[in-house]
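In what follows, a single structure is set out as structure tokens and then discussed.
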Amino acid sequence: MGTTGIPSTSPEGDVLHVQVAIVGAGPGGMVLAHLLDRMQISCVVLERRSRAYVEARVRAGVLEQTTCDVLARLGLAARLQREGLNHAGVDLVFDGQRIHIDLAQNDLAGITVYGQQEVMKDLYDAAAACGVDVRFEADGVTLHDVSDVPRVTWRERGQAMSLDCDFIVGCDGQHGVSRTSIPSTHIRTFERAYPFGWLGILADVPPVSEELVYCRHERGFALASMRSPSRSRYYLQCDADTRVEDWPDERFWDELTLRLGPELGAQITRGPSIEKSIAPLRSSVSEPIRYGKLFLAGDAAHIVPPTGAKGLNLAVADVTLLADALDAHFRGEGSGALDAWSDAALAHVWQVERFSWWLTRLTHVFPDDDAFETRLQASEFRQLVHSAGARRAFAEHYVGSVMESE
Ligand code: RFL
Ligand code: PHB
């Protein structure tokens, strides 16, 4: 450990070198940095924001077992195992009818609810302890010559920095610089935008249900989730152009109560929101996710609507596969695994894209849907009610065991 990192800044402006430069210190970039550190591959992580900013960003809540296993393998799961909430099931409500889907049947492992903010704290604390080099507030990160002899430049506390490397991994999310550093002739993006967003709140009140509840109501989708036995996370489908100011807490609670229906709605404990934000929904995949010496991973490469709870898990899956391929390369085993990485990662990505799109289609109200479409939705739900096979397929996708069982 502690092989990562570049020498301290050279005042003479010497060019520094590292094996892998990682752009973005979100979950993808940080898990990759830890994996490379354990493989004795030198790396540095360049993050545009401050540590406090990233840790305050409320996002994912659901971790697949594979993600938990990667964190455990890295020795980073002590708090996750103590504080994470294991869930053996999830509930779906469709126009008032509620079903339970067993997520821990047979070989399936269930999921763990543990906030992305907590994951980030654990990754950053461990980075500081192991000497993994993370440069926060790296300004104006620019990638050069990515097809051949890659170099990264940025500004750090006003000082110009430059770094040579063997590879760059762009883990800088959907608005980062990495994807746009690939010439448009060498990358293609496939996408779907959805005509709505999610309005989310966090509140220090007990969750309405022990399980996560995904609810399709004629007024729109609602999701009941949590962070702890005393902290709830709720989402409502909202118009694409709605603003947080349009949604005072009382309006949110009233709407949630309506959408969750009389039985669940009556159980809601209201309280002041401690966070409220709106996220647009999008599906998108770029192909291929390698150009020369540059690899794209996580949200920089693909976006899923949060309905399937998959984005963070996908980012971890991408970088886990990539770390093994980089390790094989640096151990002199050739470039086969690196060359195969983009296709291999994308095969998994498309599985997850399909599930996330399908679950969004099933549970949301699409403004242009006619009676034909809504009857198809209802019929899709009835399939889940009546078919153990359909519920099993749902569970496999939700817990993320699909690739493993193929
Ligand atoms: P991130 O987390 O966006 O991190 C990218 C980092 O790169 C930095 N950056 C730059 N750094 C340097 N130079 C630049 N030019 C840069 N541009 C950007 C950014 O500051 C940032 O720190 O991408 P990454 O690592 O790929 O991770 C992706 C996940 O964060 C994301 O997919 C999840 O949050 C998605 N997601 C969920 N995923 C799950 O697996 N389970 C869930 O339950 C779940 N729930 C959710 C979600 C996302 C949501 N929103 C807000 C979209 C719920 C919601 C509401
Ligand atoms: C969350 O708890 O933030 C959460 C849970 C399930 C999802 C998305 C987000 O599908």
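The values are calculated or read from the model by the stated rules, or taken from the named source; none is laboratory data. What you are looking at is a predicted structure, and each value in this text was computed from that prediction instead of being measured. Please note: Cβ atoms are built from the backbone with ideal geometry, for glycine as well, and neighbour counts cover all protein chains shown.
Structure data summary
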read-out: Inter-residue pairs, beta-carbon under 8 Å, first over 13 Å from residue 198 (Cβ atoms) and in region 298-312, second basic (Lys, Arg) and more than 10 Å from ligand 2 (Cβ to nearest atom), 6+ apart; value: 300/179; 301/179; 303/282
read-out: Helices (runs of 4 or more DSSP H) contained entirely in region 354-406, each with at least 2 residues that are touching a strand residue (DSSP E or B) at 6+ places or on another chain (Cβ under 9 Å); value: 371-386, 388-399
read-out: Which listed residue, of 323, 378, is touching a residue at least 40 places away in the same chain (Cβ under 8 Å) and either among the β-branched types (Val, Ile, Thr) or buried (at least 19 other Cβ atoms within 10 Å of the Cβ) (or both); value: 323
read-out: Test: residue in region 32-46 that is touching a residue at least 60 places away in the same chain (Cβ under 8 Å) and near ligand 1 (Cβ under 7 Å from one of its atoms); value: yes
read-out: Selection within region 154-165 - surrounded by fewer than 16 Cβ atoms within 10 Å (Cβ to Cβ) and either among the hydrophobic types (A, V, I, L, M, F, W, C) or out of contact with any Lys or Arg (no Cβ under 7 Å at 6 or more places or on another chain) (or both); value: 155, 157, 158, 159, 160
read-out: Every residue from region 278-337 that is in a strand (DSSP E or B), in contact with a strand residue (DSSP E or B) (Cβ under 7 Å, 6 or more places away or on another chain) and away from ligand 1 (no atom under 14 Å from the Cβ); value: 287
read-out: Qualifying residue in region 20-36 (condition: modelled with pLDDT of 95 or more and either among the charged types (D, E, K, R) or assigned by TED's automatic domain parsing to the domain that holds residue 226 (or both)); value: no
read-out: Test: residue in region 165-178 that is free of Cβ contacts under 8 Å to residues at least 40 places away in the same chain, closer than 25 Å to residue 293 by Cα and under 20 Å from the mean Cα position of the chain (by Cα); value: yes
